[in-house]
Amino acid sequence: MKWATRAGVHIDRAACAWLIRRHLDPDAEFVFVTDPAEVPADATAFDLRGAELSHHHGDCTFETILRRHHLDDPVLWRMAQIVHEADLDDERYDAPEAPGLDVALRGLSMVCTDEETLQHTGSVFDGLYEFYRRAMLLGREPA
Amino acid sequence: MARTSRPGTPGTWVLLCYRVPREPSTPRITIWRKLRRLGVAQLADGLVALPADARTREQLDWTADEITEAGGTASLWLAQPASLASERDLAAEMAGARAAEYAKVTAEAAAGASRDEAGRRSLARRLRAELRRIHRRDYFPPAQRDHATAAVDALVQAIAQPEAEPIAEPVAEPIAERQEQPS
């Protein structure tokens, strides 16, 4: 399937792309646009103004996708808190990891193309998922 | 997407023109808080501005969506002030608003200097979080920023010194010897 989002990907879009590939569509193909009018007819838009999969009622797009697709894995919701704070910084959640991840992503987007950013962040989010999965099983921070 | 301003010409600003229904008041207040948090310059009733970059455009984009969801109307514009002077006034107004916020942090840090160690540490933690919040909406950093940072740092630096004393002591002797030598 084709998915379209705004060019110049940052935390929310990178996390969404990872979520889509891992949990919704393993063969996802991403298109980056600068204007919502450029979204191809056969693509699902996300994190784009006016799109169904976007910010709603104070949620970031990552949270919206989790809700709309009934993904209730608590590990994904823990990651959603970090993505939310890194993206919106509105202190809805306590996520001290967020500012660090935000800076890392902003720096990455300065030296990478959107495709490269998704490639690098794919591994980062795989790692974060594993970290919080183990943390949840152990009930404390894993080594 | 980046600002295309040559020196001597005003930069690009992103403007949000909006109207939110008076009732219900909860979304109206949420939106007002969000805009304040972004540090917007209020140009007129229902018209706010930020210097345009990828982040400010995105943040105002989402705010516009939220206003629409709340039953209001919102449109986003990219614009250049017609003169450098009006841009300077706008920047000065925004810097002034941030300066007042930094000054408040400086005053709070100064007032807390007499607290015990634990009190100063927890105050520093809270004020540093506040500084981070102000930094995020500080587009034209005023001198008060450095004063505030120094005032908060001083709260914990005062703690670090007594702890360092036992390590510093053995060094004291060679220094004293050196002082005896003619310089």
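Applying the criterion of being in contact (Cβ under 8 Å) with a residue 24 or more places away in the chain and of a type in the set (D, E, K, R) to the residues of region B:20-51, the residue that is nearest to B:MET94 (Cα to Cα) is B:ARG37.
Taking region B:60-73 only, how many residues are closer than 20 Å to A:ASP89 by Cα and either modelled with pLDDT of 95 or more or of a type in the set (A, V, I, L, M) (or both)? Number of matching residues: 3.
Hey, among B:ARG57, B:ARG98, which residue is basic (Lys, Arg), surrounded by 12 or more Cβ atoms within 10 Å (Cβ to Cβ), modelled with pLDDT of 95 or more and on the phi < 0 side of the Ramachandran plot? Outline the logic, then answer.
Values: B:ARG57 fails: modelled with pLDDT of 95 or more.
None of the other options fit; the residue is B:ARG98.
What are the residues in region B:52-68 that are in contact (Cβ under 8 Å) with a residue 12 or more places away in the chain and either of a type in the set (Gly, Ala, Ser) or within 8 Å of chain A (Cβ to nearest Cβ) (or both), if any? Within region B:52-68, B:ALA52, B:ALA54, B:ASP61, B:ALA64, B:GLU66 qualify. Residues in region B:122-152 that are loosely packed, with under 14 Cβ neighbours inside 10 Å and more than 14 Å from chain A (Cβ to nearest Cβ) were compared, and the one that is nearest to B:ALA95 (Cα to Cα) is B:ALA143. Residues that are under 21 Å from A:LEU118 (Cα atoms), under 15 Å from the mean Cα position of the chain (by Cα), of a type in the set (A, V, I, L, M) and within 11 Å of chain B (Cβ to nearest Cβ) do occur in region A:37-56, at least one of them.
Would you check if there is a residue in region B:75-85 being touching a Pro at 6+ places or on another chain (Cβ under 6 Å) and assigned to a loop (DSSP other than H, G, I, E, B)?
The first filter runs over region B:75-85 and keeps only residues touching a Pro at 6+ places or on another chain (Cβ under 6 Å), leaving B:80-81, B:84.
Okay, now just the ones that are also assigned to a loop (DSSP other than H, G, I, E, B), so B:80-81.
Yes, there is a match, as at least one residue in region B:75-85 is touching a Pro at 6+ places or on another chain (Cβ under 6 Å) and assigned to a loop (DSSP other than H, G, I, E, B).
Looking at A:GLU52, A:GLU115, just one residue is at pLDDT below 95 and touching a strand residue (DSSP E or B) at 6+ places or on another chain (Cβ under 9 Å), and that residue is A:GLU52. Pairs meeting the criteria (first residue in region B:105-121 and over 15 Å from B:LEU131 (Cα atoms), second residue among the β-branched types (Val, Ile, Thr), beta carbons under 6 Å, at least 6 apart or on different chains) are B:GLU117/B:ILE159.
The values are calculated or read from the model by the stated rules, or taken from the named source; none is laboratory data. Predicted model, so just to flag it, every value in this text is computed and none were measured. Glycine gets a Cβ as well: all are built from the backbone with ideal geometry, and neighbour counts include every protein chain shown.
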